[in-house]
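The values are calculated or read from the model by the stated rules, or taken from the named source; none is laboratory data. Here the structure is a predicted model, which means the values were calculated and not measured. For neighbour counting, all protein chains shown are included, and Cβ atoms are generated from backbone atoms with ideal geometry for every residue, glycine included.
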Amino acid sequence: MSKINSNKRISFILVTKDRPDLVRIALDNIKKILTKEDELILINGGENNISNPLINKTIKEKDKSPGHAINKGIMISEGRYIRTVSDDDIIRKQQFNEAIDILDKNLSIDFLVCGGIRERENKRYPFYIPKNSNYGENMQDISKFGACGQGFIIRTSSLPLIGLHPTGLASDVEYVIQAIANGGKVKFCRINLFHHPIHKDSVTVKYKSLWQDDLNKIYQKYNIKIKQKPFHRKLLGFIYKNLLPTSYENRQKKHQKINFNKDLLNENSPLWDKGFS
């Protein structure tokens, strides 16, 4: 951890592009969390001008990716911690302050990953890592457990060690892997920090195949081994998906299993006990 003078507590970096209605909602939500010790940085990659008294700093220019936009905010941030916010997130105030308190008391943590709820097509499911998983101990496990950027809180003084945010499509996963590879201490905390809706124009949906290609490149870059389907199964799946797309999609949905404790959807569940996994 480097010694970096920070004038603020949290630098919230709000990234948006041509979704002004969602930005207005996001600002209403952030207003409930912001204190006088914090700053709000808007990175606007779209055409619309956005102004609001809550915003302390603005960069309005096109970006190559969400990670690229986040890095612009990082470069002008003054907070002890970095918290990125997409324009459709809800952050839970009490849980957020608990996460900051944990970081203040555990100075060795460079990169805190918290849990939360993701929602797609009116179905909610948790991002949660079970106890005794040793999340952050090695890169290989990240391919198993995944990562969700809505749960990230970065210690600013740790940036010289863990590096800036990757700029690829699968940058959330890569950032955790990169931080571990660089020797940073990454921990998952069982805090239900956020609610994140996944829209049709979300990166993981709109650019699903490109996102998967980027993820595969990340695994190759860091020599992470993953189980591969046999070639004949890949070929059959490809043919089925392209010849009978509706049938394929229905079959995929039918075979999706809810393999989590539904109590995790309750933000006050004792399963969210603020411990490390």
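Points to keep in mind about this one:
- Tally, over region 95-121, of residues that are at pLDDT below 95 and more than 21 Å from Ser269 (Cα to Cα): 2
- Applying the condition of being in a loop (DSSP other than H, G, I, E, B) and among the small types (Gly, Ala, Ser) to region 125-144 and asking which residue is farthest from Val113 (Cα to Cα) yields Ser133.
- Sub-9 Å Cβ pairs linking a first residue in region 163-189 that is under 18 Å from Gly115 (Cβ atoms) to a second residue that is surrounded by fewer than 23 Cβ atoms within 10 Å (Cβ to Cβ) and among the basic types (Lys, Arg), at least 6 apart or interchain, are Ala179/Lys185; Cys189/Lys274, ordered by first then second residue.
- Only residues that are under 20 Å from the mean Cα position of the chain (by Cα) and in a loop (DSSP other than H, G, I, E, B) were counted across region 27-37, and they come to 2.
- Lone qualifier among Arg83, Arg9, Arg24 - being free of Cβ contacts under 8 Å to residues at least 60 places away in the same chain and outside any loop (DSSP other than H, G, I, E, B): Arg24
- Region 57-76 residues that are under 22 Å from Arg155 (Cβ atoms), paired with ones that are assigned to a loop (DSSP other than H, G, I, E, B) and modelled with pLDDT under 95 (beta carbon under 6 Å, 6 or more apart): Ala69/Gly45; Ala69/Asp63
- For region 159-173, the candidate set comprises residues that are in a helix (DSSP H, G or I) and touching a Gly at 6+ places or on another chain (Cβ under 6 Å); within that set, the residue that is surrounded by the fewest Cβ atoms within 10 Å (Cβ to Cβ) is Leu161.
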